[in-house]
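Q: Structure in C-alpha cells, see below.
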Amino acid sequence: MSQLRKNGGWFGPLPAAPDTPFETCLLADDKPAFDRMVAEFERNGFEGPNAYYLNHKINAEWLKDVPNGGRLEYPVLFVETKYDAVCDTAVSRLSEPMREYCSDLTEVTLECGHWATLEKPRELSAALVKWIATKLPDYYPGGKSAHL
C-alpha cells in the first residue's frame, strides 16, 4: 500500500479510474451479478466496506480488557489470499499474532487477490465447507457421519 500512496492513489495522476474492457472484469462471465454489484455501490458507496479497516482506536480500547487475554480457545479459520495487495499475509508478518492467539487455527491459502469471493468462489466455498464439516461437525448437515 505504500507504493500505492507513493504513486498518488489507485490510478496515479488520473482523476478517475481509466476505462477498462468489461472482459477483464472479475464478473465478466456474470453480467447480472456485475450490474447488481454496481447498483449496490452506487446506492451505498464504499463507506461501509471501508469502515472495516478504520476501527483501530476502538479495537485498541476493547483489547485493554479482552477476555482470556485475547486468546481464542475454539476453532478458527483463516483464509489467506496469496496475491492480496491490500492485506498481504503471504509475504508480510501480519498474520503471525493469530498463530499465537488461536489455539485451534486452520489456515487455507487461495491463489488470488484481495476479493476471494469473486476471484475463487468455488475454492473459497470448498474451504469453508470443509472447515465447518471437520471442525464444527454438529453444525454440518449429516453431522459427524457425513461423508466428505
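Q: Looking at LEU110, LEU105, LEU118, can you tell me which residue is hydrophobic (A, V, I, L, M, F, W, C), farther than 25 Å from LEU4 by Cα and outside the structural domain of LEU4 (by TED's automatic domain parsing)?
A: Values: LEU110 fails: farther than 25 Å from LEU4 by Cα; LEU118 fails: farther than 25 Å from LEU4 by Cα.
Only one candidate qualifies: LEU105.
Q: Give just the number: which of (1) in contact with a strand residue (DSSP E or B) (Cβ under 6 Å, 6 or more places away or on another chain); (2) within 25 Å of GLU73 (Cα to Cα) does ALA116 not satisfy?
A: Among (1) in contact with a strand residue (DSSP E or B) (Cβ under 6 Å, 6 or more places away or on another chain); (2) within 25 Å of GLU73 (Cα to Cα), the lone unmet condition for ALA116 is (2).
Q: Out of curiosity, is GLU100 of a type outside the set (A, V, I, L, M) and either surrounded by 11 or more Cβ atoms within 10 Å (Cβ to Cβ) or modelled with pLDDT of 85 or more (or both)?
A: On the way: of a type outside the set (A, V, I, L, M): yes; either surrounded by 11 or more Cβ atoms within 10 Å (Cβ to Cβ) or modelled with pLDDT of 85 or more (or both): yes.
Yes, satisfied.
Q: Also, I was wondering about something else. Just need a number here: residues in segment 25-57 that are more than 13 Å from LEU118 (Cα to Cα) and at pLDDT below 85.
A: The qualifying residues number 11.
The values are calculated or read from the model by the stated rules, or taken from the named source; none is laboratory data. Not measured: the values here are computed from a predicted model. All Cβ positions, glycine included, derive from the backbone under ideal geometry; neighbour counts span all protein chains shown.
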